[in-house]
Amino acid sequence: MDHLSSTFAALSDPTRRSIVDRLTDGPATVMELAEPFSISQQAISKHLAYLENARLIERQRDGRQNYCALKPDTIREVADWAEGYRRVWQTSFRRLDALLAEMKSEKLSSKLVKPAVKNPKRS
Amino acid sequence: MNKSAALKIAPSGEREIIMTRAFDAKRDLVFDALTKPELVKRWLLGPPGWSMPVCEIDLKVGGAYRYVWRNEDGREMGMGGTYREIVRPERIVNTELFDNAWYAGECLVTSLLSEQGAGTTMTVTLRYESTAARDSVLESDMESGVAPSYDRLEEIVISNTTTAK
């Protein structure tokens, strides 16, 4: 699997997404990461291994403590791929904004232009 | 000019892309803009330099649609599918397949329109047949071969929209 696919696969799980979200605040120990979840530390470790394999996180050692930290390059890659696809749609939707504005003003002007039709008086 | 509404695009789950965009118009107008060929041609053009010589829509369950875009240097890109559900003015479900698809399988597109005051929020869910297909769409460089200058394009779009008012 190419690396971007493994990144997406890693992010397709809500627990892993929560872990990644927590790590945007800074590095954390495995215990700290497991804390908000009701699943076992072993299960958390499996998720962390998945994230590490997808190069989203890396292990750091600070003295005697082991930490997990985000790898910013991978996150940036995910943000970058969205740009090309996003730009194309952004451009199209901006045209749609202009078209809708035109449609609205046409609708409004057609209501203003129609004269009120009164019943002709009988002669 | 209206401030551009934020476009959200994100992968979801293993096989989907979800796009969300708000529009400053009621649902019936947005629904028309999505389903009348003479209107679709006005905006569904992708990167700069592309025109839409073919835009056919048979808006009924089981009906087909067909789009062909052409680049300034003659390159063409075709796409089409059939409608599975049509509920005016709130929902359209259709299949989507590119002629020279670089990924396997069809995509199922669900477009939902919901009212937000005087405006409409559109949520489009694109569901691919595999994670690989979904990811390759997001990675695809639809702009290849064109040398867009997006800053310049934004200037043009902004000035056109302003003068139109």
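None of the figures in this text is laboratory data; all of them are computed from the coordinates on show. Here the structure is a predicted model, which is why all the values come from computation and not from measurement. Backbone-built Cβ (ideal geometry, glycine too); neighbour counts: all protein chains shown.
Below is a table of values for the structure above.
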| read-out | value |
| --- | --- |
| Residues A:Asp13, B:Asp135, B:Asp58, B:Asp24, sorted so that the one with the fewest Cβ neighbours within 10 Å comes first | B:Asp58, A:Asp13, B:Asp24, B:Asp135 |
| Shape call, segment B:1-103: gyration tensor on alpha carbons, a/c limit 1.5 | rounded |
| Charge-dipole axis of segment B:16-76 as Lys and Arg at +1 and Asp and Glu at -1 on Cβ define it, positive-most pick from B:Pro48, B:Asn71, B:Leu34 | B:Leu34 |
| Footprinting exposure proxy for B:Lys26, A:Lys71, A:Lys111 (fewest neighbouring C-beta atoms within 10 Å first) | A:Lys111, A:Lys71, B:Lys26 |
| Sorted by Cβ neighbour density within 10 Å, fewest at the top, the residues A:Asp73, B:Asp32, A:Asp97 | A:Asp73, B:Asp32, A:Asp97 |
| Set B:Lys8/B:Lys36; A:Lys71/B:Lys8; A:Lys46/B:Lys8; A:Lys111/B:Lys8 screened for pairs whose C-alpha atoms are more than 27 Å apart | A:Lys46/B:Lys8; A:Lys111/B:Lys8 |
| Potential extension, A:Leu112-A:Met31 segment - 0.36 nm per residue separation minus Cα distance | 22.3 nm |
